[in-house]
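These notes concern the structure reproduced below.
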Amino acid sequence: MNNIKEKKLKQSPFTIVSRDAIPAAIPDKEPDRQEYYMDLCHELIENYIAQNGKSLTFNVTTFGCQMNAHDSEKLIGILETIGLIEALNEDEADIVIFNTCTVRENANQKLYGHLGSLKKRKETGELKLIGLCGCMMQQPEVVQHIRESYRFVDLVFGTFNFYKLAELLYNRLTGKDMQVIEVLEKPEINVEMLPEKRKYSFKSGVNIMYGCNNFCSFCIVPYVRGRERSRIPEDILEEVKKLADEGYVEVMLLGQNVNSYGVNYLADISESKILTENPDYSFPDLINDVCRIEGIKRVRFMTSHPKDLSDRLIDVIAANPKIARHIHLPVQSGSTEILRRMNRRYSKEQYLALVERIRAKLPDVSLTTDIMVGFPGETDEDIEDTIDIVRKAKYDQAFTFIYSVRSGTPAAKMEQTPPEIVNERFSKVLDVVREVSAEVSSRFEGQTKEVLVECVNDHMEGYITGRMDNNLLVHFPGDSSAVGTFVNVYLEKAKGFYYLGKQVK
Ligand code: SAH
Ligand code: SF4
Ligand code: F3S
């Protein structure tokens, strides 16, 4: 890079404040420390606005799962607190943050492609700052690549310190470093009392645990999200109570494997909290307690690992009408041998027996799943088993993925299947998945269901969209005044993954 470009990149678009001007007593403790940095950032932004006569905007783009989406709500909370305004889209933003996912290689490629297209805007100064965070940044080789090939990126941070956004941003805006990079190998502390900007005003995700201990042999999540740690029940219940007080009616309890909630508490790591008095307190207890909170009308959870879904949980769901009749139960494969090599710790028969136990007590439940095609060593017979399990489990919806090699995972060292063969098998599985879910998800046609209205329909004028407790969507005539309320809708016509209907009293 030539010197002029280098100089341009180094320059902060904001008023540079001398580091000497920062008060000496920076709080050590969180969240005080971040609140302190949020104040400092706020001052910087105000200065900029006063000097330039216009506000500064940001956009956060989120890749990946619900966990990342919820983290982004916290990032947005911080950015708004320091005085930035959310832009309608990335092209109009002065500051862009990408909260990345790395569960499959194409997620990484997507980010690099995107960064390439932002380079020009960054060099002209039209785009003032680029920040990258999330799971992909937990991989040292990714950070190295960004350091070398994407020097116009300003901020890089990971999944264990994203709460430090204000501090890192401040360091970039006031410092001389071209890039501020801070990624931790493992969680140090858990900071929860920072601002959040929830996407909806009536439903919200609530983290009940972080990380994963399962080490499925194909999966990178345990490496980038760390060991499994559950939040203590008191904190979770307090958060849900607060949401209910603010008018939220639906919560989704979030974790990579909610069925092992309570096995390892956060407090064991941070020592900042006392453990709950009941050492046997587990997910069914938690979901029951959440349902008891006044104002909360619907409770969802995501994700369930089949090996840990207990009969007690099924009983608790059956006994509690507030808990949504939807279980996302990722199967990955129908072949017992492939499941063994994936380290999933259940067989095809055990999975199907679990599905039967669920359906026996929850006859109208919707089951959804994740399926992977192309795991190393998979044969045509294994694919037949996967197709068989799709037909027998009768999924309302199945997310189907092509296996992607993740370096550092055990499966990466196994012999891989040629892509042509995998692609062919993938289409075969997809055809069956589509056929089954179109048939299964249309079974409610002619019934009336209670739905939570989520939004005005963008594609059909005069229509609004509601979600049933089994997670299926219905579009029906209505206006924005119904958003956030529960209404009864007659399901007139099944359209594959959604219904068309009309509101009834
Ligand atoms: N904790 C959840 C899954 C989280 S990842 C569970 O265990 O069910 C979401 C989905 O991504 C997985 O269910 C799996 O189907 C898919 N996935 C994970 N790693 C993958 C890989 N290496 N290649 C392709 N798909 C993968
Ligand atoms: Fe990955 Fe398995 Fe953990 Fe799910 S349970 S996040 S697939 S390691
Ligand atoms: Fe992706 Fe991280 Fe979620 S890798 S799927 S965003 S936990």
Inset, instruction - Kindly list the residues of region 376-411 that lie in the label zone of K361, defined by a backbone N under 17 Å from the point 7 Å along the Cα-to-C-beta vector. - result: none
Legend entry - Folded to 0 to 90 degrees: helix 380-393 orientation relative to the chain principal axis, Cα: 80
Inset, instruction - Of the DSSP beta bridges with both residues in the chain, give the percent that are antiparallel, rounding to the nearest 5. - result: 35
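Work out, step by step, the length gained on full extension between S481 and K493: first 0.36 nm times the residue separation, then minus their alpha carbon distance; give nm to one decimal.
Values: separation 12, 0.36 × 12 = 4.32 nm, distance 2.41 nm.
This chain segment gains 1.9 nm when fully extended.
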Inset, instruction - Specify whether the C-alpha gyration tensor of region 187-245 places it in the rounded, prolate or oblate class, a ≥ b ≥ c being the square roots of the eigenvalues: rounded for a/c under 1.5, otherwise prolate if a/b is larger than b/c and oblate if not. - result: prolate
Inset, instruction - Please work out whether region 221-347 counts as rounded, prolate or oblate from its C-alpha gyration tensor, where a ≥ b ≥ c are the square roots of the eigenvalues and a/c under 1.5 means rounded, while otherwise a/b larger than b/c means prolate and anything else oblate? - result: oblate
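Per DSSP helix of 4 or more residues, -39500 (n - 2.57); summed, then divided by the residues of the chain. What does that give at 222 nm, rounded to the nearest 500?
Details: 15 runs with 180 residues, N = 505.
Using -39500 (n - 2.57) per qualifying helix, the result is -11000 deg cm²/dmol.
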Legend entry - Where labels lie 7 Å past Cα in the beta-carbon direction, separation of N52 and S407 in nm: 3.7
Legend entry - Calculated diffusion of region 51-166, Stokes-Einstein form, Kirkwood radius summed over Cα pairs, 37 °C and 0.692 mPa s, µm²/s: 228
Legend entry - Helix 233-245 axis, angle to the chain major axis (alpha carbon atoms, nearest 10°): 90
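If you take every residue apart from C133 with its C-beta less than 14 Å away from the C-beta of C133, what net charge results, scoring Lys and Arg +1 and Asp and Glu -1?
Working: positive: K74, K164, R172, R225; negative: D71, E73, D154, E167, E182.
That sum, taken over residues with Cβ under 14 Å, equals -1.
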Legend entry - Rounded, prolate or oblate (a/c below 1.5 giving rounded, otherwise prolate when a/b exceeds b/c) for the chain by Cα gyration tensor: prolate
Inset, instruction - Tell me, for the chain, which Cys residues have no other cysteine's C-beta sitting closer than 4.7 Å. - result: C41, C65, C101, C133, C135, C212, C291, C455
Legend entry - Net length gained if the chain between E420 and D28 were fully extended (0.36 nm per residue, minus Cα distance): 135.6 nm
Legend entry - FRET efficiency for E185 and E234, using Cβ-Cβ distance with R0 set to 35 Å, rounded to 0.05: 0.75
Legend entry - Label-reachable residues, region 375-407, where backbone N falls under 13 Å from a point 7 Å from E141's Cα toward its Cβ: 405-407
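Each value in this text was obtained by applying a stated rule to the coordinates, not by laboratory testing. Nothing here was measured: the structure is a model prediction, and the numbers come from that model. We place every Cβ from the backbone using ideal geometry, glycine too, and count neighbours over all the protein chains shown.
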